[in-house]
1. Would the stretch B:188-204 turn up any residue that is more than 17 Å from B:Gly144 (Cα to Cα), of a type in the set (Ser, Thr, Tyr) and buried (at least 18 other Cβ atoms within 10 Å of the Cβ)?
2. Tell me, which residue of the stretch B:152-180 that is closer than 14 Å to B:Ile241 by Cβ and open to solvent by less than 30 Å² (accessible area, probe 1.4 Å) is farthest from the other protein chains (Cβ to nearest Cβ)?
3. Taking the stated definitions as given, is B:Gly221 at pLDDT 85 or above, closer than 30 Å to B:Ser115 by Cβ and of a type in the set (Gly, Ala, Ser)?
4. Take the conditions open to solvent by less than 40 Å² (accessible area, probe 1.4 Å) and modelled with pLDDT under 90 and apply them to A:Asn8. Does it pass?
5. A:Leu91 fails exactly one of the following numbered conditions: (1) of a type in the set (A, V, I, L, M); (2) assigned to a helix (DSSP H, G or I); (3) more than 14 Å from chain B (Cβ to nearest Cβ); (4) touching a helix residue (DSSP H, G or I) at 6+ places or on another chain (Cβ under 7 Å). What is the number of that condition?
6. Only one of these is within 13 Å of chain B (Cβ to nearest Cβ) and open to solvent by 40 Å² or more (accessible area, probe 1.4 Å): A:Leu32, A:Leu14, A:Leu18, A:Leu53. Name it.
7. Do we find that A:Thr143 is at pLDDT below 90 and open to solvent by 50 Å² or more (accessible area, probe 1.4 Å) in this structure?
8. Is it the case that B:Lys127 is open to solvent by 40 Å² or more (accessible area, probe 1.4 Å) and touching a Lys or Arg at 6+ places or on another chain (Cβ under 9 Å)?
Amino acid sequence: MNRVVFQNVIRFVLLLLLQVLLFNKINLYGYLNPFVYILFILLLPFETPGWLLLALSFITGLTVDLFSGTPGLHTAATVFAGFARPAIIRLVGKHDESDSSKFPTIRDMGLKWFVSYASIVVFLHHAALNYLDVFSFTEFFRTLLRVIVSSLFTVLFVILIEYIFVSHREKR
Amino acid sequence: MRNILAFIVRYHFLLLFVVLEAVAITMFVNSTYYQQSAVLNAGNNITGRFYTSASNVTGYFRLRRTNELLSIENSILRQGSGMSFLKNDTNTFWKNDTLYRQQYKYIVARVIHNSTNKRNNYIMLDKGRRFGIEKDMAVITPDGIAGTVVSVSENFAWVMSVLNKYTRISARIQKNNQMGTVVWNGVDYSIGTLTDIPAHVKLSRGDTIVTSGFSNIFPAGLMLGTIKDYRVEQGEHFYVIPFAFSVDFNSLDYVYVVKSLMKEEQDKLKETTEEQGNE
C-alpha cells in the first residue's frame, strides 16, 4: 500500500512538471493544448475511495491552476473528470473486484480497454475545461474542434507516457 | 438526524462533488475578467520564482533572436538620435522642455511565462511594483504591442496578452486614419481581427494597422499588424478584417512596460467631464 502511495506522489510531481514546463508550451494553430496531468487521475488505483478521488482531483487541478494563473478553471474540470471516472469504469467494462492487484493501466487492462477509458475521461475533462474557459456557447463548434483535437493529442501522449513508465518497470 | 446522516453517508460522493465543483466555479467566476489580485499575489511568489528559474534555462535558446531584435532596434534608435544628423543649424536640435514634455517612460522586463494556445492567454513578467510597474500599463515589444498589465505583486507582473477574449484595443488604419477596434477570435495566435471599420472605407491588403492612442494606455502609432483580408458580412455595415500580428507572440522574451506620465491627468479630466454631464 505504501508503495502505491509513494508511486502516486512521484507520478503527481513528474506529470505536473511535464505539464507546466513542456505541454503548456505546445501549440498548433491555437487548437492543440494537451493536458497530460489528467493521467494522474486516470492511473489512481481502482479501489480509491470516492472522496479521496475527488479530493485528489481538486488538489491536482488547483496546482495546475496556480501555475497557469487561471484560478478554478482546471480545478473545476479535473473534479468533474474525477467525478465521472467511476461511472466510466463501470461503462467501459467490469474489472474483477476481488483482484486488487490490478490497476487501470495498459499493462493490467490491455490497450483497447485503456484507450476507451482514457478517451472518455479526457474528452469530458477537455470539454469542461474549454467551455468553461470560453464561458459562452457562441463559439460552440470552434471550441468543440479545440476539444477534439486537444483530446486526441492528450490520449496519444498519455499512451506514450504509459508505455515509457511500463517498460521501465518491467526492466527492473 | 439519523436520516440526514444516513443520507450524507449514502450520497457523500455526489455531495462532495457538488461542494468541490461549487468552490472551483466560484473561484473561476470571481476571477474571470481581471485575475483577482489576492489569489494571484498568494501564488505569484511561488510560481513566479519557479518560472524565473525555468526561463533562465530556456532564455539561452532564444539568445540569437533576442540579440538580433536588440541590434535592429539599436540601429533604429541610433538613426533617430542627434548624432546621426548633419548639424547645419544648431537650433534644429535644441529642445525646449516646455515644448517636449516627456509622456511615456519605458521599463524593461523579461517574459517568464507566456502562452498562446488558450482562449485567454496571460503573460508573467519578472518585474513588479518594486520597479514601478502598475495596473493598466501597456506592454510592448520592438515589433508592436503585447498586452496590458492586469495585476502586480512586489516582484512580478501579470499581463493580459492581446491573445485574449477581453482584448479591445483602439486602433486605426494608418493610411486613412479610420478608427476601429482590435479583438482576437481565439483561433490563430498570429492573426487578429479589426472590427468597427465602416463598410464604405476603401481598404487594400497590406495596409498597416496602428494603435490610436485614444485609450490612454497604449501610446499612439504603435504597430499592430498588416491587413490580410477584408469582408463585409451580409446585412452588416462594418468590415471584418483579419490581420497578421506584427508581434510573434510565441517568442516573446524582452518587453517594455510603458508608463504614461499623463494618464492620471487624462483620466481625471475625463472623470470630471463625465460627472458634470451626469448632473
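1. Checked the stretch B:188-204: no residue is more than 17 Å from B:Gly144 (Cα to Cα), of a type in the set (Ser, Thr, Tyr) and buried (at least 18 other Cβ atoms within 10 Å of the Cβ).
2. Per the criteria, the residue is B:Ile173.
3. Taking the combined requirement at face value, the residue satisfies it.
4. In short, yes.
5. (4)
6. Residue meeting the stated conditions: A:Leu18.
7. Considered against the rule, which asks whether it is at pLDDT below 90 and open to solvent by 50 Å² or more (accessible area, probe 1.4 Å), A:Thr143 comes out as no.
8. So B:Lys127 fits the description; yes.
The values are calculated or read from the model by the stated rules, or taken from the named source; none is laboratory data. Here the structure is a predicted model, which means the values were calculated and not measured. Neighbour counts are summed over all protein chains in view; Cβ atoms, including those assigned to glycine, are modelled from backbone coordinates with ideal geometry. Ligands, DNA and RNA are excluded from the accessible area calculation, which covers all protein heavy atoms including side chains. Shrake-Rupley method; radii C 1.70, N 1.55, O 1.52, S 1.80 Å.
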